[in-house]
1. Take the residues of region 259-275 that are modelled with pLDDT under 95 and within 16 Å of ligand 2 (Cβ to nearest atom): which is surrounded by the fewest Cβ atoms within 10 Å (Cβ to Cβ)?
2. Mind listing just one residue for me: the one in region 181-199 that is farther than 19 Å from residue 226 by Cβ and in contact (Cβ under 8 Å) with a residue 24 or more places away in the chain and, of those, farthest from ligand 2 (Cβ to nearest atom)?
3. Restricting attention to region 104-137, which residues are surrounded by fewer than 19 Cβ atoms within 10 Å (Cβ to Cβ), over 30 Å from residue 88 (Cβ atoms) and hydrophobic (A, V, I, L, M, F, W, C)?
4. From the list 173, 200, which residue is over 15 Å from residue 323 (Cα atoms) and either at pLDDT below 95 or of a type in the set (Val, Ile, Thr) (or both)?
5. Within region 164-202, can you find the residues that are farther than 25 Å from residue 277 by Cβ and surrounded by 12 or more Cβ atoms within 10 Å (Cβ to Cβ)?
6. Take the conditions out of contact with any Leu (no Cβ under 8 Å at 6 or more places or on another chain) and assigned to a strand (DSSP E or B) and apply them to residue 291. Does it pass?
7. May I ask you to list the residues in region 207-222 that are closer than 14 Å to residue 238 by Cβ and surrounded by fewer than 23 Cβ atoms within 10 Å (Cβ to Cβ)?
8. I need the full set of residues from region 21-50 which are modelled with pLDDT under 80 and crowded, with 16+ Cβ neighbours inside 10 Å, in order please.
Amino acid sequence: MSHLRLDPQSGQWVHVAARRMHRPLTDSAAGCPFCPVPPDAPASVRAASEAPDAGYDVAVFENRFPAMGGEADPLGALSPSGCAAPAEGHAEVVLYAPRHDVHLATLPEAKVRLLVEVWRQRTLAMEADPCVACVFVFENRGHDVGQTIDHPHGQIYGYPWVPPRIAEEAARVRCFHAEEGECLQCALLRRDEGEGARVVEADGAWVALVPFAPRFPAEVHIVPRRHVGGLPALDDHEVASLARLLRRAVARYDRLHGVPMPYMMCLYQRPREMVEGDLWHMRLAFYPLLRGLGRLKYLAASESGAGAFLLDAAPEDMAAALRAVAL
Ligand SMILES: [Zn+2]
Ligand SMILES: [Zn+2]
């Protein structure tokens, strides 16, 4: 049960999904709803599991506690003075592997490639639903970013609206193109590669770099060299290369401070309204939360209350530290 409410002061929609309070919390394989259950397990254990049986590589299913989609709340009972809408859309869970104790950096490269292929197929499937305005692939890793189940997994949201960060960026992309006659990301990539200090690593298809003005410590963006708007337009070589670089990025994070890095991974691809026009240039971004061993970056008053991010290290130094990690 969920719905959307419009905040008149920010002009932004908020997803209200009261049932999400009852999501399970687990940090071990025992009782994990994403671990496959053997066919001879008791019926109660099978009922609690959301995972298919052991024989899968990557599995996708609708979130049992969705922020959108599923059964709609009756809007008539809400305050008549507020603006509310049904939370249409999709919320899917993607299991990376049947095993509980792996993650993106320890999965074989071929499995990560399959995962990217699954993202591409689910993007196409969600975009076939006319109510979906924007498909967002992401992973929250670690309890510090709100991961409630430790089993390696990510999620895919098919939003019924264009979320504010993506809408703001779309406006800037359009504006830059109107003024400069080219893609903003293509221009930034040229500059960043030219300067070199913020590049972490690159191959013929993608560049992994710390952006000029990141918001998180050791933030990394992985950007395709080709002007590509989203996963459906990637060729097989680009899929394989993305899988390799994102896997290596997580390996660098986990060795940077010697502990698993809590992070948010977000894939920015063109919203539906920008499919035509081809102005959007996709990227995958990692937002890590550790500033150092035992030192978490909090989204505190300035970040959460004013939207102003503070960094305590130079992006060029962050890139140098990531480059220096031995893989
Ligand atoms: Zn598990
Ligand atoms: Zn471009």
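1. That would be 275.
2. 197
3. The one that is surrounded by fewer than 19 Cβ atoms within 10 Å (Cβ to Cβ), over 30 Å from residue 88 (Cβ atoms) and hydrophobic (A, V, I, L, M, F, W, C): 110.
4. 173
5. If the condition is that a residue be farther than 25 Å from residue 277 by Cβ and surrounded by 12 or more Cβ atoms within 10 Å (Cβ to Cβ), then 193, 195, 197, 198, 199, 200, 201, 202 are the ones that fit.
6. Judged against the criteria, residue 291 is a match.
7. Across region 207-222, the qualifying residue is only 207.
8. Result: 26, 49, 50.
The values are calculated or read from the model by the stated rules, or taken from the named source; none is laboratory data. What you see is a predicted model, and the numbers here were worked out from it, not measured in a lab. Note that each Cβ is placed from the backbone with ideal geometry, even for glycine, and that neighbours are counted across all protein chains shown.
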